[in-house]
Amino acid sequence: MAPHPHFASDESQPVGPLVSGWQIPPWPERITLQGRTCRLEPLVPEAHGDELFASQADDPTGRHWTWLPYGPFLSRPTYLQWLREFTQGNDPLFYAIRPTDLGRACGACAYLRITPTAGTIELGHINLGPRLQQTVAATEALFLMIQQGFALGYRRVEWKCDTHNAPSRRAAHRLGFTFEGIFRQAQVVKGRNRDTAWFSIIDAEWPPLQSAFRAWLAPGNFDAAGQQRHRLAELIARERGPVT
């Protein structure tokens, strides 16, 4: 992007570096993202609703809804109606996660706070059914979302969560996001205060992270029992190199 023709500054008014060669990215399209262990499909209530609702039944306690601003849903009609009303817009832009081994949708995620003029896009509304949690497919689904954001030309992919949501904070660190701080009293969710933890990956950080993800996801990284040979954190550290 070119600098403003009438903009001038000197040492008394420092400004950031010019962003040369960058173009405002397009809005994400409703396209399928295909991986080795899963497929992300634009969420369609009539196509995915029954499978998604069934996957939630694997957790009768409803604990995975705790930090989401909606749910749990006690009946299929209520859940399907919520899907129709909340998941069909362009922001948030929802995907259903279909693991290859299970063959049915058992999780969802979304792009949100999509701001092409700033080059920022957030990954959120992550809701994984119990059979999808802590699987290779779950990691690959999030990788596909991050990868697509940068492939479209976004400069920054964000991750935000309730400060009390320890699993989400651990996931952000594992996926290579950098912790940026806490927004205090950011929201009221289900009648309770929410302080929000902010994380991000920026475009300059993505190439080594992408290489680490691809190495981790490669079939050769898993033994005959499906156990990983190298942890993702180990591969990320190797690709990033020594901290200076």
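Here are the numbers for the structure shown:
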quantity	calculated
Conditions (1) under 19 Å from Ala212 (Cβ atoms); (2) touching a Pro at 6+ places or on another chain (Cβ under 6 Å): number failed by Phe150	(2)
Residue ID - farthest from Ala212 (Cα to Cα), chosen from residues in the range 155-167 that are touching an Asp or Glu at 6+ places or on another chain (Cβ under 8 Å) and part of a strand (DSSP E or B)	Asp162
Close pairs (7 angstrom Cβ cut-off, 6 or more residues apart or separate chains): free of Cβ contacts under 8 Å to residues at least 40 places away in the same chain and within 16 Å of Lys190 (Cβ to Cβ) in the range 49-68, surrounded by fewer than 19 Cβ atoms within 10 Å (Cβ to Cβ) and not aliphatic (A, V, I, L, M) anywhere	Gly62/Pro72
From the options Ala137, Ala110, residue that is in a helix (DSSP H, G or I), among the hydrophobic types (A, V, I, L, M, F, W, C), under 20 Å from Ala172 (Cα atoms) and at pLDDT 95 or above	Ala137
Selected residue (criterion: modelled with the lowest pLDDT) from residues of the range 1-36 that are farther than 28 Å from Trp82 by Cα and polar (S, T, N, Q)	Ser9
Selection from the range 168-225 of residues that are aromatic (Phe, Trp, Tyr) and not in a strand (DSSP E or B)	Phe177, Trp206, Phe213, Trp216
Residue match in the range 4-20 (condition: assigned to a loop (DSSP other than H, G, I, E, B), buried (at least 16 other Cβ atoms within 10 Å of the Cβ) and not small (Gly, Ala, Ser))	no
Selection count where residues are outside any loop (DSSP other than H, G, I, E, B) and surrounded by 13 or more Cβ atoms within 10 Å (Cβ to Cβ), scope the range 53-71	6
The range 27-43, residues that are surrounded by fewer than 16 Cβ atoms within 10 Å (Cβ to Cβ) and assigned to a loop (DSSP other than H, G, I, E, B)	Trp27, Glu29, Arg30, Ile31, Thr32, Arg36
Residues that are assigned to a loop (DSSP other than H, G, I, E, B) and buried (at least 20 other Cβ atoms within 10 Å of the Cβ), drawn from the range 113-134	Gly119, Gly129, Leu132
Given (1) part of a helix (DSSP H, G or I); (2) in contact with a strand residue (DSSP E or B) (Cβ under 9 Å, 6 or more places away or on another chain); (3) at pLDDT 95 or above, index of the condition Asp50 fails	(2)
Selected residue [out of contact with any helix residue (DSSP H, G or I) (no Cβ under 7 Å at 6 or more places or on another chain), buried (at least 23 other Cβ atoms within 10 Å of the Cβ) and among the aliphatic types (A, V, I, L, M)] from Ala151, Ala141, Ala96, Ala105	Ala141
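The values are calculated or read from the model by the stated rules, or taken from the named source; none is laboratory data. Predicted model only: the values in this text are computed from it and were never measured. Counting neighbours? That spans all protein chains shown, and the Cβs are built from the backbone with ideal geometry, glycine included.
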